[in-house]
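Step one of this worksheet: look at the structure below.
The values are calculated or read from the model by the stated rules, or taken from the named source; none is laboratory data. The structure presented is a predicted model; accordingly, all values stated were derived computationally and were not measured. Cβ atoms come from the backbone with ideal geometry, glycine included; neighbour counts cover every protein chain shown. Accessible surface is based on the protein model in full, side chains and every heavy atom, while ligands, DNA and RNA are left aside. Shrake-Rupley method; radii C 1.70, N 1.55, O 1.52, S 1.80 Å.
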Amino acid sequence: MKILDRYILTSFLQTLATVFVILFFIFILQGIWLFIADLAGKDLDLWIIIKFLLLYSPRMIPLVLPLSVLLASIMTFGSFAENYEFAAMKSSGISLKRTMQPLSLFIFILAFISFWFANNIIPKSEFEFIKLRREIVQTKPAMAIAEGQFNQIGNTNIKVEKNLAKTVKNLKTLPFT
């Protein structure tokens, strides 16, 4: 690998890693916002919340990766153009096609890794994610009942004015009025 190829690839990978982490953080925060009702006020352990987020995060990678590649390529080549590195490459006889060869190869490999990830890892994590959400509701079923709303339990809809289940451990012992 030539020095120029290494330079282009390392500057692209540094930008890609930075952009990926920032976008991944933004998308995970959006996921927390979506599932805040499942997590907040349930008296869950920190480990369960971390497991919840770890099982949720693989589904974000197919969304974040293309955006990261796009932004990283724009930022990298914009930096090359701003610092007149493209002009130096063109003046030394290196074409744009030759400049993009190492990145094209890297993106091709990244596409296969992304396909494998989406085909193998995401379904397993999605299954575990759904299982964890179901487990949270089953271990604390009273927490699934929202106050002041109609809640569907089986084939029955109920409306609860005040949920006393936070202080009582068993739903059967709650005073129904």
Subject >> Debye log10 I(q)/I(0) for the range 69-130, one point scatterer per Cα, at q = 0.23 Å⁻¹ >> reply: -0.96
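Please give me the summed charge of the neighbours of residue 7: other residues whose Cβ is under 15 Å from its Cβ, Lys and Arg +1, Asp and Glu -1.
Numbers: positive: 2, 6, 98; negative: 5, 85.
Net charge around residue 7: +1.
Quick one: if you take sqrt(5λ) for each eigenvalue of the C-alpha gyration tensor of the range 26-126, what semi-axes come out, biggest first, whole angstrom?
Numbers: eigenvalues 331, 56, 13 Å².
Each semi-axis is the square root of five times an eigenvalue, giving 41, 17, 8 Å.
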Subject >> Portion, in percent, of the accessible area of the range 59-149 that falls on carbon or sulfur, probe 1.4 Å >> reply: 68 percent
Original post:
Hey, if we sort 99, 15 by accessible area with the 1.4 Å probe, largest down, what's the order?
Top reply: 15, 99
Original post:
Taking the mean number of other Cβ atoms within 10 Å as a proxy for protection, how do you rank 60-66, 123-129 from highest to lowest?
Top reply: 60-66, 123-129
